[in-house]
1. Residues in region 192-214: is at least one farther than 22 Å from Gln320 by Cα, within 15 Å of the ligand (Cβ to nearest atom) and touching a residue at least 40 places away in the same chain (Cβ under 8 Å)?
2. Within the set of pairs 6 or more residues apart or between chains, which connect a residue that is open to solvent by less than 50 Å² (accessible area, probe 1.4 Å) inside region 28-54 to a residue that is of a type in the set (Lys, Arg) and more than 6 Å from the ligand (Cβ to nearest atom) with Cβ atoms less than 6 Å apart?
3. Might you let me know whether region 135-144 holds any residue that is under 22 Å from the mean Cα position of the chain (by Cα) and either open to solvent by less than 70 Å² (accessible area, probe 1.4 Å) or modelled with pLDDT under 95 (or both)?
4. Quick check on my filter: what residues within region 148-169 are more than 15 Å from the ligand (Cβ to nearest atom) and open to solvent by 10 Å² or more (accessible area, probe 1.4 Å)?
5. Evaluate region 187-198: report whether one residue or more is surrounded by 21 or more Cβ atoms within 10 Å (Cβ to Cβ) and β-branched (Val, Ile, Thr).
6. Those residues that are in contact with a helix residue (DSSP H, G or I) (Cβ under 7 Å, 6 or more places away or on another chain) and under 22 Å from Ala162 (Cβ atoms), I need them from region 36-63; list them, please.
7. Any idea how many residues of region 86-119 are within 28 Å of Pro295 (Cα to Cα) and surrounded by fewer than 18 Cβ atoms within 10 Å (Cβ to Cβ)?
8. Going residue by residue through region 301-309, is there one that turns out to be among the charged types (D, E, K, R), closer than 30 Å to Val362 by Cα, within 12 Å of the ligand (Cβ to nearest atom) and in contact (Cβ under 8 Å) with a residue 40 or more places away in the chain?
Amino acid sequence: MTGRKRDDVVIVGAGVTGMSIAWHLARLGIHCTVVERTGVGAGMTSVQAGGVRTQWSSRLTCRLALESRAFYENVEKHLAPSVPPAFRAAGCAFVARTEETLEVIAKRVVLQREEGVTSRTASPAELAGLLPGVRTDRVLGGAFNPVDGYFDRPASVVEAFAEAALREGQTLVHAEVDRLEGDGDRWTVRLGDGSALTAGDVIAAVGCGTPDLLAATGVEVPIRRLPRFLFYSPPVAETCVPALIVFEDDALLVKQLADGRLLAADLRYGLGGRRPSGDSCARIEADLRDLVALPSGARFTSIVEGEYDTTPDQQFLVGQVPERPGLWMAAGLQGRGMMLAPVVGRMVAEALEAGWSSTGAVPEELLPERFSGAGTGESETQVI
Ligand SMILES: Cc1cc2nc3c(=O)[nH]c(=O)nc-3n(C[C@H](O)[C@H](O)[C@H](O)COP(=O)(O)OP(=O)(O)OC[C@H]3O[C@@H](n4cnc5c(N)ncnc54)[C@H](O)[C@@H]3O)c2cc1C
């Protein structure tokens, strides 16, 4: 590669992934241009619910989540945002209603604790103290981590990364990228208005759009779209479910947000083409009332649809695209792109800086080439 130099990077996509990479590149003194077709954080970053947790099934995700959690603890120091994101360590619980699930949860806690995660198992009696309102006669136990939580305004995180990246001199261009063309040495980024940018390195940070964007380069990306649905209530005056509670056997989750609204999901929607219908709000309310004491007036009245960029092993894809020097991707984050944005941004920026090689900065389990061989590493089964 003769045509590449440090300040010669284009990032496609100004979601939380793209803006974190842009900020991390700025910290390393590498200028980039971010090209975004809609607006900063306008993709799945605007749908996500602000959740940050460190309880995962694989060692790798636990480690990455701990690094990101530590970054967010000092987010004001790192990003100096004009409106600081407020993180609430309200806790997160995974609850079992069958012996089989209880055993899986207990095994995960052992692994998590070995990695330094502060989760612990809890009996129904302990859960009663940790999760007021849960009908503990219906559960067998679970796991709880008090330091997991959520941002009060989910959009505040991408805004903070964007503000810091632009302050440090990165460039944001509003345009649709139609096509990426490589000549083996440099990349041409063709824009919707007929103009073009050229770059030594192009990073696709477009989530579910990655297979379409890379198709023209002859690359098949193993990401597929999975519809996901969040149910919201209007604000409820009483404090009822401060921690996120995941009822694993029922595929249900619920928590109360900083503004009093209840947020819930039935994780079966989206699977096998199943979508919410007219009575879904009433149904999820009834299912949850069976498990948690919700205030009598609480009603779910709106449903927000988004999609996960899923991969075959539920781990994400970060690194250079095999046999396409200078073409990078950071996608497949599914339900954790906001919470892992600090570590994804760091890995991509460091890999670029280290002589444009993915090796070293990015764990092997995340490299795109894993799907062309036998595959490496543990899959992640605790995506919700
Ligand atoms: C229902 C739901 C709940 C979630 N909850 C959480 C949560 O609690 N915590 C958490 O961490 N994560 C959560 N997530 C996951 C999180 O939303 C994503 O992982 C994250 O937002 C991905 O960010 P991204 O920047 O990779 O992609 P996106 O936010 O989708 O950004 C991609 C950007 O690329 C732009 N783009 C695409 N194609 C082009 C093109 N051709 N030219 C120019 N621009 C282009 C888009 O406009 C978009 O702005 C949730 C997701 C869903 C769907």
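1. The answer is yes, given that some residue of region 192-214 is farther than 22 Å from Gln320 by Cα, within 15 Å of the ligand (Cβ to nearest atom) and touching a residue at least 40 places away in the same chain (Cβ under 8 Å).
2. Within 6 Å, the pairs are Ile30/Arg6; Thr54/Arg69.
3. yes
4. Pass one, region 148-169, residues more than 15 Å from the ligand (Cβ to nearest atom): 163-164, 166-169.
Within region 148-169, Glu163, Leu166, Arg167, Glu168, Gly169 meet the criteria.
5. Checking region 187-198: at least one residue is surrounded by 21 or more Cβ atoms within 10 Å (Cβ to Cβ) and β-branched (Val, Ile, Thr).
6. Correct list: Val40, Gly41, Gly43, Met44, Thr45, Ser46, Val52.
7. Of the residues in that region, 5 qualify.
8. Applying the first criterion (among the charged types (D, E, K, R)) to region 301-309 yields 305, 307, 309.
In the following step, the residues that additionally are closer than 30 Å to Val362 by Cα were identified as 307, 309.
So of that shortlist, the ones also within 12 Å of the ligand (Cβ to nearest atom) come out as 307, 309.
Retained after the next criterion (residues that are in contact (Cβ under 8 Å) with a residue 40 or more places away in the chain): 307, 309.
Scanning region 301-309, I find at least one residue that is among the charged types (D, E, K, R), closer than 30 Å to Val362 by Cα, within 12 Å of the ligand (Cβ to nearest atom) and in contact (Cβ under 8 Å) with a residue 40 or more places away in the chain, so the answer is yes.
The values are calculated or read from the model by the stated rules, or taken from the named source; none is laboratory data. Computed from a predicted structure; not experimentally measured. We place every Cβ from the backbone using ideal geometry, glycine too, and count neighbours over all the protein chains shown. Accessible surface is based on the protein model in full, side chains and every heavy atom, while ligands, DNA and RNA are left aside. Shrake-Rupley method; radii C 1.70, N 1.55, O 1.52, S 1.80 Å.
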